[in-house]
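Following: one structure in structure tokens, then a few remarks.
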Amino acid sequence: GAGVSQSPRYKVAKRGQDVALRCDPISGHVSLFWYQQALGQGPEFLTYFQNEAQLDKSGLPSDRFFAERPEGSVSTLKIQRTQQEDSAVYLCASSLLPRGNTDTQYFGPGTRLTVL
Amino acid sequence: GENVEQHPSTLSVQEGDSAVIKCTYSDSASNYFPWYKQELGKGPQLIIDIRSNVGEKKDQRIAVTLNKTAKHFSLHITETQPEDSAVYFCAASSYGGATNKLIFGTGTLLAVQP
């Protein structure tokens, strides 16, 4: 079946622009995660949704980062007034079960954001 | 805060040899330990995982061991093949916590020389 998809795959933004990154999780998956992966590093947690509820946003680096999942399926990560330090790969992952369960997280291919 | 350390950062082996990657974690509440393989331009892909009630798990050429007392876990790949070349990440999670977020290590670049 279809895996997690993300769009766009690549995004170049000028400093100060706003960007929106989209994630389509596996159909029926309750849990959705956003991670940020800097070059040569492991992914770092940004935020977590259980259906449409954002239950953990402790990893968001600043109030310029905002995420939503209004209907409990597709999610959008928005970054306002982008800065060079925002350049990274943004990964989305989904899992079938809600929190509290050991469950595989399936990752999408990521969106590579470059801020000039 | 929670931390996962991973060694080595790079590993080069000859085809057919074994490869071992080691990780340590700091949060004693961690109870789920997946390993991911990431190829260039792709997202991480789960290759094996282990839960804290198990000390060892094997899947064909891949095995993972866990020592909860020492907070160590390791990935073992036997009979390596060129297609095993990739970056490997260990991770830790506490599925009894507020979320099941994964805390990742810094990655190991494995190169299998034919």
Could we say that residue A:101 is within 14 Å of chain B (Cβ to nearest Cβ), of a type in the set (S, T, N, Q) and at positive phi here? no
Can you name the residue in the stretch B:89-114 that is assigned to a loop (DSSP other than H, G, I, E, B) and of a type in the set (A, V, I, L, M, F, W, C) and is also farthest from the chain's Cα centre (by Cα) among such residues? B:98
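Are any residues in the stretch B:70-114 among the aliphatic types (A, V, I, L, M) and at the interface with another protein chain (Cβ under 10 Å from one of its Cβ atoms), and if so, which ones? Before the answer, list the steps.
Keep residues of the stretch B:70-114 that are among the aliphatic types (A, V, I, L, M), which gives B:70, B:75, B:77, B:86-87, B:91-92, B:98, B:102-103, B:109-112.
If the condition is that a residue be among the aliphatic types (A, V, I, L, M) and at the interface with another protein chain (Cβ under 10 Å from one of its Cβ atoms), then B:87, B:91, B:98, B:102, B:103, B:109 are the ones that fit.
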If I filter the stretch B:62-82 down to residues being assigned to a strand (DSSP E or B) and of a type in the set (S, T, N, Q), which single residue comes out as surrounded by the fewest Cβ atoms within 10 Å (Cβ to Cβ)? B:67
When the stretch A:104-116 is checked residue by residue, the ones that are touching an Asp or Glu at 6+ places or on another chain (Cβ under 9 Å), facing another protein chain (nearest Cβ under 9 Å) and within 20 Å of residue A:74 (Cβ to Cβ) are A:108
Determine the pairs where a residue that is farther than 17 Å from residue B:10 by Cβ, located within the stretch B:71-89, has a partner that is aromatic (Phe, Trp, Tyr) and in a strand (DSSP E or B) with Cβ atoms under 9 Å apart, the partner being 6 or more residues away or on another chain. B:71/B:25; B:72/B:25; B:73/B:25; B:73/B:33; B:73/B:35
Identify, please: which residue in the stretch A:9-29 is more than 14 Å from chain B (Cβ to nearest Cβ), farther than 22 Å from residue A:96 by Cβ and of a type outside the set (Lys, Arg) and is, among those, nearest to the chain's Cα centre (by Cα)? A:20
Taking the condition of being loosely packed, with under 13 Cβ neighbours inside 10 Å and closer than 18 Å to residue B:62 by Cβ, how many residues in the stretch B:16-45 meet it? 3
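Every number here is computed from the coordinates shown, using simple stated rules; none is lab data. All figures in this text were calculated on a predicted structure; none of them were measured in a lab. Cβ coordinates were reconstructed from backbone atoms using ideal geometry, including for glycine residues, and neighbour counts include every protein chain displayed.
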